[in-house]
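The values are calculated or read from the model by the stated rules, or taken from the named source; none is laboratory data. Quick caveat: nothing in here was measured; it's all calculated off a predicted structure. Reconstructed Cβ throughout: ideal geometry from the backbone, glycine too, with neighbour counts over all protein chains shown. Accessible surface is based on the protein model in full, side chains and every heavy atom, while ligands, DNA and RNA are left aside. Shrake-Rupley method; radii C 1.70, N 1.55, O 1.52, S 1.80 Å.
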Amino acid sequence: MEMDNSLTSHEILTSAEIGKLWATYMGNSMAKLIVQFYLQHVDDPDIQHVLEYALEITEEILQKITCIYEEKNHPIPSGFTKDDVNLNAPRLFLDEFYLHYLKYTAKAAMSLYATAVPLMTREDTREIYTYCITKTVELMNRVNKLLQAKGLIQYPPIIPIPKHVDFVKKQQYLHGFFGNVRPPHALEVTHLHDNIENNVTSKALLIGFTQVARDEEVKDILVRGKELTEKHISRFSEILNRSHLPSAPRLDHLFTTSTESPFSDKVMLFHKIDMFSMKIRGYGNAISLNGRRDIGAMAARLLLETSLYVEDLGNLIIEKGWLEQMPQAPDRDSIANE
């Protein structure tokens, strides 16, 4: 029996490819505008070069995805356009914030790209995500080197190297609420620090967004996000502090007093849906690598709070008519009734 070549796996776009390409296109169309605005207000030439590299990556990714869309007659997402950014608006964030922001968003991008690679069946889509990972890793390396060179890096807490190999001997190793609670192990410390670092940057971004948001409903929900983020920073920090380990410092001072928005409210809502979704992944990773019941239970509660907040963000962006719909499977019942 002859096969229809138009339906072979190396020719069609699978649901994984359609979904990942759409999410990548949307995220990078937003990132392009944000980085373009940052480049309007940067004084440090080293930070400017890193921002220019980030913009170059974003534009390359959009171009590569557009080529596939055009080849397959796939509609190009509306995404975000020049109408969603005011490049003439006054500076909102200071130069140092740009580095923390790039690290924060590069983590989210690497998570998206890494999970895409094993799902790609077409050679061209695999090449795109290999490119995305390679370039984003290079961006992360440049950002970290610059943060270190300028004395701005937020190092994870230091713990001693063990003197010998040991094995867990009692079930109380898993305890956390009562009795003899052990100090957090290396990966628990790692993910506590990582979630604090992400939330610290998220909160700083939310401070800037709430300062310039035009729509009162948008402003109110961003304020809620800021308060929720501060709560989560405190919860994670308490665990580290009880073991006499430091937590990442705040970035709340790295913005100006400008109230003129450089970004549309649509951009700011979408950005926070995207970044709070990243927090859900981060909390899930922390739970999966955790060995103490109290830390696991806390992360699960915070994950639930974050999920409910993301749902509220989604409801608001839908109500405003700003949420572009991701391609979806056909509704066979509706088709049958036509």
**Message:** Tell me the angle of helix 45-71 to the major Cα principal axis of the chain, expressed in degrees between 0 and 90 and rounded to the nearest ten.
**Reply:** 40 degrees
**Message:** If you consider only alpha-carbon coordinates, what radius of gyration and Dmax does segment 194-338 have, in Å?
**Reply:** 18.0, 66
**Item:** Angle in degrees between helix 293-319 and the longest Cα principal axis of the chain, rounded to the nearest 10
**Value:** 30 degrees
**Complete:** Using alpha carbon centers only, segment 298-335 is separated from segment 118-165 by a whole-angstrom value of 29 Å
**Fill in**
Which of [x] 67, 48, 32; [y] 65, 63, 31; [z] 66, 59, 41 gives Cα extents along the principal axes in Å as computed here? It is [z]
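What is the gain in length, in nm to one decimal, between GLU338 and GLU227 on full extension, counting 0.36 nm per residue of separation less the C-alpha to C-alpha distance? Before the final figure, lay out the partial values.
Details: separation 111, 0.36 × 111 = 39.96 nm, distance 4.81 nm.
Full extension of this stretch gives 35.2 nm more.
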**Request:** Could you run the Karplus curve 6.51 cos²θ - 1.76 cosθ + 1.60 with θ = phi - 60° over segment 124-133 and give me ³J(HN,Hα) per residue in whole Hz, x for Gly and Pro?
**Result:** 5, 6, 4, 5, 4, 6, 5, 4, 4, 5
**Asked** Can you give me the relative contact order of the chain as a percent, contacts being Cα pairs under 8 Å and 6 or more apart?
**Response** 21 percent
**Accessible-area value, LEU303, 1.4 Å probe, nucleic acids and ligands omitted, Å²** = 40 Å²
**Debye-sum result for segment 1-111 in log10 I(q)/I(0), which assumes one identical scatterer on each alpha carbon, at q = 0.18 Å⁻¹** = -0.94
**Fill in**
Rounded to the angstrom and largest first, Cα extents along the principal axes for segment 262-338 equal 55, 42, 16
**Complete:** Among GLY225, ASN315, THR134, the residue whose Cα sits farthest towards the positive end of the charge dipole of the chain, when +1 is placed on the Cβ of each Lys and Arg and -1 on the Cβ of each Asp and Glu, is GLY225
**Item:** Cα-centred dipole magnitude for segment 101-151, charges only on beta-carbon of K, R (+1) and D, E (-1), debye, nearest 20
**Value:** 340 debye
**Asked** Where the only charges are on Cβ atoms (+1 Lys, Arg; -1 Asp, Glu), what is the dipole of the chain about its Cα centre, to the nearest 20 debye?
**Response** 1860 debye
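Can you pull the percent of Cα pairs in segment 152-237 with separation above 18 Å? Show your work: numbers first, answer last.
Working: 2231 of 3655 pairs.
I get 61 percent for the Cα pairs in segment 152-237 exceeding 18 Å.
Rounding to the nearest 20 debye, state how big the charge dipole of segment 227-338 is about its Cα centre with +1 on each Lys and Arg Cβ and -1 on each Asp and Glu Cβ.
Values: 13 positive and 16 negative charges, 153 e Å.
The calculated dipole for segment 227-338 is roughly 740 debye.
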